[in-house]
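Have a look at the structure below, then the notes.
The values are calculated or read from the model by the stated rules, or taken from the named source; none is laboratory data. Note that the structure is predicted; figures quoted are calculated from it, not measured. Cβ coordinates were reconstructed from backbone atoms using ideal geometry, including for glycine residues, and neighbour counts include every protein chain displayed. Please note that ligands, DNA and RNA were not included when accessible areas were found on the heavy atoms of the full protein model with its side chains. Shrake-Rupley method; radii C 1.70, N 1.55, O 1.52, S 1.80 Å.
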Amino acid sequence: MYAVGATSIRTPAELIRLGAGALLRDPAEARGMFEEATRQTPADPGAWYGLAAACGRLGDHEAAQAALDRTLEIDPNHLPALLKKADYFAALGDRRAAAAFYQAAVNRAPPREGLPSNLRTEVARAERLGGEYAKAFEDHLEAGLRQVGYDPRASSRRFAQGLDILLGRRRLYGQSPSAFFFPELPQRQFYERQEFPWLAELEARTAEIRNELLAVVREDRGLKPYVRSSAERPPKSFGGLADNPDWSAFFLIEDGRTMADNATRCPATMAALAPVPLASTPGRTPSVLFSLLKPGTRIPPHTGMVNTRLICHLPLIVPPGCALRVGNETRPWRIGECLIFDDTFEHEAWNDSDELRAVLLFDIWRPELSLEERELASALLMAVSSFGAETGLDAR
């Protein structure tokens, strides 16, 4: 053991500095210095990391790993310790543990330009090795799944999404409504058309609805920006789309109120919507509109207000280069085929073409809600709105 009392060395900083200098020359002496430093300052990660290095040089791997664990307990982002742990597991052949530590080192490393050159090199090595281990893990899992007949093109789509999340090919998203969250509803990003028996009749009238949309576009009357500023609210940019006609709307029903002039101009559309279970909350929903996205326009990522409804798009004009992302899934629009999704997942849309994109947009009740739950959700949101009206603050 290093006899600290026999010298003038007293401070932990001095012990760590001299211990580092002694690592190559006399690892046993270095170990004693670092042990004394950890006794004096047990929460100093540098002292514990130095002790790990000294123990490693002496071949005491159990003590070295214990010191590394203590280093990371104090500082989970200690980059050299993460790399040492990764190398330790790699040497043992534990590829799964090694990959976890290599990936942690890459994820937690400060910006590369701020690192010393030796650590930049080490992070790059961790990135390469982590990628190799991740690919080996992916291949191993897929080989096991093939043995039971798994085919990503034909097997369960939900399982394929779960596999992608496990392997880091997709990010995990969840419902995040900005106003009201109804618990215990399925976390589904998209719903399928076949789940809604009434949808086929609506889709069958796509041509009639599209003709009414084209007339609205030709007349260019009644359109307004989808995102509009209010003097009663803080200014918002919404990716530059606030008060911007690049994303515009022609409302047939807005916040539960029928827009008589507009609805009169689109009788076929209104008739086609008659059997649809529109989400009804007076003063709030439904909203039914033609949503128009001009060429080169991108709607930034955002989330909806309540998860008691689903949003439906009936595509009417869809040039190439247009798509909708909801959570971790992206789908293109196809004319006459509805997309149904939960807008309380982060979502975005884009029109990268040089033509107009247009859909009929409307909101419906979530099919999982009972009649009582729909009535309660509606009453709650009406109460929120009435409080806003009384105080001059719209609580939406």
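Comparing Ala249, Leu141, Phe196 along the charge dipole axis of segment 110-263, the residue lying farthest to the positive side is Leu141, per the Cβ-charge model. Ranking Thr71, Ala91, Pro42 by how far each Cα lies toward the positive end of the dipole of segment 1-107 (charges on Cβ) leaves Ala91 at the top.
A simple rule links phi to the HN-Hα coupling: the Karplus curve 6.51 cos²θ - 1.76 cosθ + 1.60 with θ = phi - 60°, which for segment 118-124 gives 5, 6, 4, 4, 5, 5, 4 Hz, with x for Gly and Pro. Contact order, relative form, for segment 81-216: 15 percent (alpha carbon pairs under 8 Å, 6 or more residues apart, mean separation divided by residue count). Calculated FRET efficiency, Ala13 to Arg57, Cβ-Cβ distance, R0 = 35 Å: about 0.95 to the nearest 0.05.
To the nearest 10, the accessible area of Ser378 is 10 Å² with a 1.4 Å probe.
Candidate values (1) 41, 21, 19; (2) 60, 25, 20; (3) 32, 26, 23 were compared with semi-axes √(5λ) of the Cα gyration tensor in Å computed on the shown model; the agreeing label is (2).
For segment 258-396, a crude dipole built from +1 on the beta carbon of Lys and Arg and -1 on the beta carbon of Asp and Glu, taken about the Cα centre, is about 280 debye to the nearest 20. In the chain, a dipole from Cβ-located charges (positive for Lys and Arg, negative for Asp and Glu) runs towards its positive end, and of Val217, Ile165, Leu15 it is Leu15 whose Cα lies farthest in that direction.
Ligands, DNA and RNA left out, the 1.4 Å accessible surface of the chain is 55% carbon and sulfur atoms.
Relative contact order for segment 283-364: 50 percent, from Cα pairs under 8 Å spaced at least 6 residues apart, divided by residue count. In a reduced charge model with +1 at each Lys and Arg Cβ and -1 at each Asp and Glu Cβ, the chain shows a dipole moment near 640 debye about its Cα centre.
Across all directions, the shadow cast by the convex hull of segment 6-133 built on its C-alpha atoms averages 8.1 square nanometres. When +1 charges are put on Lys and Arg Cβ atoms and -1 charges on Asp and Glu Cβ atoms, the dipole computed for segment 105-258 relative to its Cα centre reaches about 460 debye. Dividing the mean sequence gap of close Cα pairs (under 8 Å, 6+ apart) by how many residues the chain holds gives a relative contact order of 12 percent. Computed from Cα positions, the angle between helix 12-22 and the longest principal axis of the chain comes to roughly 70 degrees.
In this calculation the C-beta distance from Ala323 to Arg96 is compared with R0 = 41 Å, giving a FRET efficiency of 0.70. What the Cβ-Cβ distance of Ser353 and Ser155 gives, at R0 = 22 Å and to the nearest 0.05, is a FRET efficiency of 0.05.
In degrees, nearest 10, range 0 to 90: what is the angle between the Cα axis of helix 95-108 and the longest Cα principal axis of the chain? Here the helix axis deviates by roughly 80 degrees. Separation of segment 249-282 from segment 14-36 is 78 Å, based on Cα centroids. Heavy-atom accessible surface of the chain, averaged per residue, reaches 51 Å², computed with a 1.4 Å probe. Note the angle between two axes, namely the Cα long axis of helix 206-219 and the longest principal axis of the Cα atoms of the chain, as a number of degrees from 0 to 90, rounded to the nearest 10. Its long axis makes an angle of about 90 degrees. Protein-only accessible surface at a 1.4 angstrom probe places the residues Tyr226, Tyr150 in the order Tyr226, Tyr150, largest first.
Take the alpha-carbon centre of segment 176-241, take the same for segment 109-173, and report the distance between them in whole Å. Value for the Cα centre distance between the two parts: 35 Å.
You can think of it this way: the chain between Glu337 and Asp243 has 30.9 nm of extra reach, that is 0.36 nm per residue less the Cα-Cα gap.
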